[in-house]
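Visitor: Have a look at this one.
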Amino acid sequence: MKNDNNNVLNNDELFELIWPGKKDAISLANTPSSKNLILDTLDSFSKDGKKGSADSENMYIEGDNLDVLKLLKKDFLGKIKIIYIDPPYNTRKDTFAYNDDYSKSKKESKQETKDDNYINKNLKNSQRLHTDWLNMMYPRLILARELLSDDGVIFISIDDNEHANLKIICDEIFGEDNFISNFKWNRVKKAPSLSNSIRTKYEYILAYYKKNHFKLFGKASYNKQAPLWHLPNKKQMLTFPKKSIRVKNDFLKGYYGGSYQVELFDDLIYENGLNKNEVKIEACSAWGQEKILKYINEGKTFEIKKDLKTLYYDMDNKNNFIAPSDIINNEECSVKSNLEASKELNDLGIPFEYSKPTNLIEYLLNMVRVNDSSNIVLDFFSGSATTAHAVMKLNSEDNGRRKFIMVELPQCCNQKSKAFSEGYKNICEIGKERIRRAGEKIKGKMPILTHSLDIGFRVFKVDENCKN
Ligand SMILES: C[S@@+](CC[C@H](N)C(=O)[O-])C[C@H]1O[C@@H](n2cnc3c(N)ncnc32)[C@H](O)[C@@H]1O
């Protein structure tokens, strides 16, 4: 292959993001785990929320998500419909309950830079800051892709610290063609006016399809009808059987014109609010003859409101939603900011900072209405388990049967955190308690409607394989 300067390009010089340890990160994803998932029945909660019973279809898994993702492959390869993750953003702050500093010590970095001659010296600093984070994320995203079903979708929350790197590695792993959007979520309504340079109000949610592309649902459309005539489609001759159009009067055959060049080839006779006879109409139409007949065979009718220049079809519930905007905020789609997330956790008495608002996750889950509402939803950086809360809430609202799998590291809470001062040993304790309290609250609000809602979870812990 030759480039513009007639230099021969080496096949190795493909466009990709490189960093020290990338090859190891890839092989790490392919190395099976030597560990096991052990069910802890005593720590589990039943479908109706009783401790010590393991009949729930939801799972709460304690362990490093790298091991867990590998172990989940056995039962869930290609079976997960939705993955939402909110990984550490590598903010390098040490006030979180969990570690959020993936920058390396200067000593380690110098050694690597010496060893890796392909790294340009002026990348030294960014290399130090980003390498460990990339090595942590890369194998996990490879495994996440394997777990997704062909009609699955992954959503990944991120902020400016690693957004650029995450976009490139996601393009590599999921494929640029499968990129859905870089949603911008309005994280804070009013950024503090004392901010040094920029008052950052948004963070991102990168979304990718696994393979099949389909319409995503945003907010409900107020329009119950949509016009059948459509530009720039070409004119076509269409037949409307008798009683397939709602009308208020007769129409004589003739050319009605307008931008859709509508022409009626038979007199349309009105009887009891419908066309008495079959009519042929030529116009620029959104639908062809086959789709029109299918619609009519489903028992539905079209409507002429004023004159033939406009003809409407009724939208069904499935189509009664508009595609989501790439902005997610209160004004566009009633999604709340992080203030709401803190309020929710305060109300539940759960000490965890920087959780996501439940209705943000609900909104994302609602975008993916693939066939049914019994999808498996996985969150392998689950923190305070907002995703589990969102799944239970959505199920309670639409009678769905979505199941959740939460994964979280049982790392000790940071000693500076509120959780530590309230006596929580580790973050899994926080997550499990949140699910329990949220489940009870949802049931308490609508006891009859949520009779069969599964608010329990089976607890699994990652254990070393027993070797003889
Ligand atoms: C930003 S928080 C997620 C917050 C969550 N979305 C919520 O609303 O509460 C990231 C979480 O990932 C967890 N985590 C980090 N590394 C992990 C790993 N290797 N395995 C499992 N969990 C991990 C951290 O302990 C932390 O709780």
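The values are calculated or read from the model by the stated rules, or taken from the named source; none is laboratory data. Values in this document were obtained by computation on a predicted structure and should not be read as measured data. Glycine gets a Cβ as well: all are built from the backbone with ideal geometry, and neighbour counts include every protein chain shown. These area figures cover heavy atoms from the full protein model, side chains too; ligands, DNA and RNA do not enter into them. Shrake-Rupley method; radii C 1.70, N 1.55, O 1.52, S 1.80 Å.
Visitor: Scan segment 297-308 and give yes if some residue there is within 31 Å of the chain's Cα centre (by Cα) and either within 30 Å of residue 201 (Cβ to Cβ) or surrounded by 13 or more Cβ atoms within 10 Å (Cβ to Cβ) (or both), otherwise no.
Guide: no
Visitor: When segment 201-217 is examined, which residues are found to be over 24 Å from residue 164 (Cα atoms) and in contact with a Phe, Trp or Tyr (Cβ under 6 Å, 6 or more places away or on another chain)?
Guide: 217, the sole residue that qualifies.
Visitor: Among the residues of segment 362-382, is there at least one that is surrounded by fewer than 24 Cβ atoms within 10 Å (Cβ to Cβ), modelled with pLDDT of 95 or more, within 12 Å of the ligand (Cβ to nearest atom) and within 19 Å of the chain's Cα centre (by Cα)?
Guide: So far as segment 362-382 goes, yes, one or more of its residues are surrounded by fewer than 24 Cβ atoms within 10 Å (Cβ to Cβ), modelled with pLDDT of 95 or more, within 12 Å of the ligand (Cβ to nearest atom) and within 19 Å of the chain's Cα centre (by Cα).
Visitor: Could I ask something else about it? Counting residues that are open to solvent by 30 Å² or more (accessible area, probe 1.4 Å), modelled with pLDDT of 95 or more and within 18 Å of residue 332 (Cβ to Cβ), which strands (runs of 3 or more DSSP E) fully inside segment 148-209 reach at least 3?
Guide: Here the list reads 179-186.
Visitor: Another one. Condition first: modelled with pLDDT of 65 or more, in a helix (DSSP H, G or I) and within 12 Å of the ligand (Cβ to nearest atom). Can you find one or more residues in segment 84-103 that meet it?
Guide: Within segment 84-103, not a single residue is modelled with pLDDT of 65 or more, in a helix (DSSP H, G or I) and within 12 Å of the ligand (Cβ to nearest atom).
Visitor: Another question about this same structure. How many of the residues making up segment 50-88 are open to solvent by less than 40 Å² (accessible area, probe 1.4 Å) and charged (D, E, K, R)?
Guide: Of the residues in that region, 5 qualify.
Matching residues to (1) in contact with a strand residue (DSSP E or B) (Cβ under 8 Å, 6 or more places away or on another chain); (2) more than 15 Å from residue 353 (Cα to Cα):
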{"position": "406", "(1), (2)": "yes, yes"}
{"position": "410", "(1), (2)": "yes, yes"}
{"position": "414", "(1), (2)": "no, no"}
{"position": "425", "(1), (2)": "yes, yes"}
{"position": "440", "(1), (2)": "no, yes"}
{"position": "444", "(1), (2)": "no, yes"}
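Visitor: If you don't mind, there's one more thing I want to ask. If you scan segment 383-406, which residues turn out to be on the phi > 0 side of the Ramachandran plot and either hydrophobic (A, V, I, L, M, F, W, C) or within 16 Å of the ligand (Cβ to nearest atom) (or both)?
Guide: Within segment 383-406, 383, 385 qualify.
Visitor: Can you list residue pairs whose Cβ atoms sit under 9 Å apart, with the first residue in segment 62-81 being in a loop (DSSP other than H, G, I, E, B) and more than 9 Å from the ligand (Cβ to nearest atom) and the second being at pLDDT 95 or above and β-branched (Val, Ile, Thr)? Count only pairs 6 or more apart in sequence or on different chains.
Guide: Cβ pairs passing all conditions: 79/376.
Visitor: Mind counting the residues in segment 326-358 that are small (Gly, Ala, Ser), within 13 Å of the ligand (Cβ to nearest atom) and open to solvent by 40 Å² or more (accessible area, probe 1.4 Å)?
Guide: Of the residues in segment 326-358, 1 are small (Gly, Ala, Ser), within 13 Å of the ligand (Cβ to nearest atom) and open to solvent by 40 Å² or more (accessible area, probe 1.4 Å).
Visitor: List every residue pair whose Cβ atoms lie under 9 Å apart, where the two residues are 6 or more positions apart in sequence or sit on different chains, the first residue falls within segment 327-341 and is over 15 Å from residue 190 (Cβ atoms) and polar (S, T, N, Q), and the second residue, located anywhere, is open to solvent by 10 Å² or more (accessible area, probe 1.4 Å) and assigned to a helix (DSSP H, G or I).
Guide: Pairs found: 334/359; 334/363.
Visitor: Within segment 411-468, which residues are β-branched (Val, Ile, Thr) and either within 16 Å of the ligand (Cβ to nearest atom) or not assigned by TED's automatic domain parsing to the domain that holds residue 350 (or both)?
Guide: Once the filter is applied, which keeps residues that are β-branched (Val, Ile, Thr) and either within 16 Å of the ligand (Cβ to nearest atom) or not assigned by TED's automatic domain parsing to the domain that holds residue 350 (or both), segment 411-468 yields 427, 430, 435, 459, 462.
Visitor: Every residue in segment 50-61 that is part of a loop (DSSP other than H, G, I, E, B) and over 15 Å from residue 404 (Cα atoms), please.
Guide: Listed by number, the residues that qualify are 50, 52, 53.
Visitor: When you check residue 140 against the structure, is it more than 16 Å from the ligand (Cβ to nearest atom), among the charged types (D, E, K, R), surrounded by 15 or more Cβ atoms within 10 Å (Cβ to Cβ) and in the same structural domain as residue 369 (by TED's automatic domain parsing), yes or no?
Guide: no
Visitor: Tell me which of these residue 305 doesn't satisfy, since it passes every other one: (1) out of contact with any helix residue (DSSP H, G or I) (no Cβ under 6 Å at 6 or more places or on another chain); (2) more than 30 Å from residue 255 (Cα to Cα); (3) among the charged types (D, E, K, R).
Guide: Condition not satisfied by residue 305: (2).
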